[in-house]
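What follows is one structure encoded as structure tokens, with my remarks underneath.
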């Protein structure tokens, strides 16, 4: 089951090597995203796009906010 | 959106997956680094002064006043142990009974703003409303600094947009 992480957790996990994934549409990602995040829009999450991620490192996904 | 992405990643065999529910809005509002075509404009977080004097609610007005004036300021922010903004002592309140506590004298619940607001918009808003300064806090209300209208206008002018 995916865990929830909040700001301090995210800062710590990134420091430890976690990967940040912005799942918003690419136009929104282009405007602003967290420093170091890559973009894999939710609609494009598939085995092929997931090849961009390292399986041995934690992955943190985010969108705009709770909505 | 992100919870679905997290579930999908787990379904595809990723073993350590986290969802950051407050997401980009929370990160940005906390003044943490962003990238992108819209991420580089100066914000009120950039322009706010971090060295604004603070005091605890139990401190006397006299002690807060002495420290504030000595540091060359005309206001002091009343904060909790966790630096959450509780109130403000402006010149008027700093001139109150020196034996009163900051909590008794302070102006309650001053308006606060998040650090990711564009400085040129805030400079315009402050000018229109006659605000000489505003407080900048994290989304949890922790003090980051004080932005004077002068500083906001100076930084906005550097961007070529005075609002």
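Checking the condition loosely packed, with under 13 Cβ neighbours inside 10 Å and either touching a residue at least 24 places away in the same chain (Cβ under 8 Å) or within 18 Å of residue B:10 (Cβ to Cβ) (or both), which residue from A:4, A:16, A:28, A:44 passes? Break it down into steps so the answer makes sense when it comes.
Working: A:4 fails: loosely packed, with under 13 Cβ neighbours inside 10 Å; A:28 fails: loosely packed, with under 13 Cβ neighbours inside 10 Å; A:44 fails: loosely packed, with under 13 Cβ neighbours inside 10 Å.
Residue meeting the stated conditions: A:16.
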Of the criteria (1) more than 8 Å from every other protein chain (Cβ to nearest Cβ); (2) not in a strand (DSSP E or B), which one residue A:47 fails: (1)
Report yes if residue A:11 is more than 7 Å from chain B (Cβ to nearest Cβ), within 19 Å of residue B:116 (Cβ to Cβ) and at pLDDT 95 or above, otherwise no. yes
For region B:128-156, what are the residues that are touching a helix residue (DSSP H, G or I) at 6+ places or on another chain (Cβ under 7 Å) and touching a residue at least 24 places away in the same chain (Cβ under 8 Å)? B:133, B:134, B:136, B:139, B:144, B:147, B:149, B:151, B:152, B:153, B:155, B:156
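Okay, residues lined up against (1) more than 7 Å from chain A (Cβ to nearest Cβ); (2) out of contact with any helix residue (DSSP H, G or I) (no Cβ under 6 Å at 6 or more places or on another chain); (3) surrounded by fewer than 22 Cβ atoms within 10 Å (Cβ to Cβ); (4) at pLDDT 95 or above:
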residue: B:17; (1), (2), (3), (4): no, no, no, yes
residue: B:25; (1), (2), (3), (4): no, yes, yes, no
residue: B:33; (1), (2), (3), (4): no, yes, yes, no
residue: B:41; (1), (2), (3), (4): yes, yes, yes, no
residue: B:51; (1), (2), (3), (4): yes, yes, yes, yes
residue: B:56; (1), (2), (3), (4): yes, yes, yes, yes
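The values are calculated or read from the model by the stated rules, or taken from the named source; none is laboratory data. Note that this is a predicted model, so its numbers are computed, not measured. Neighbour counts are summed over all protein chains in view; Cβ atoms, including those assigned to glycine, are modelled from backbone coordinates with ideal geometry.
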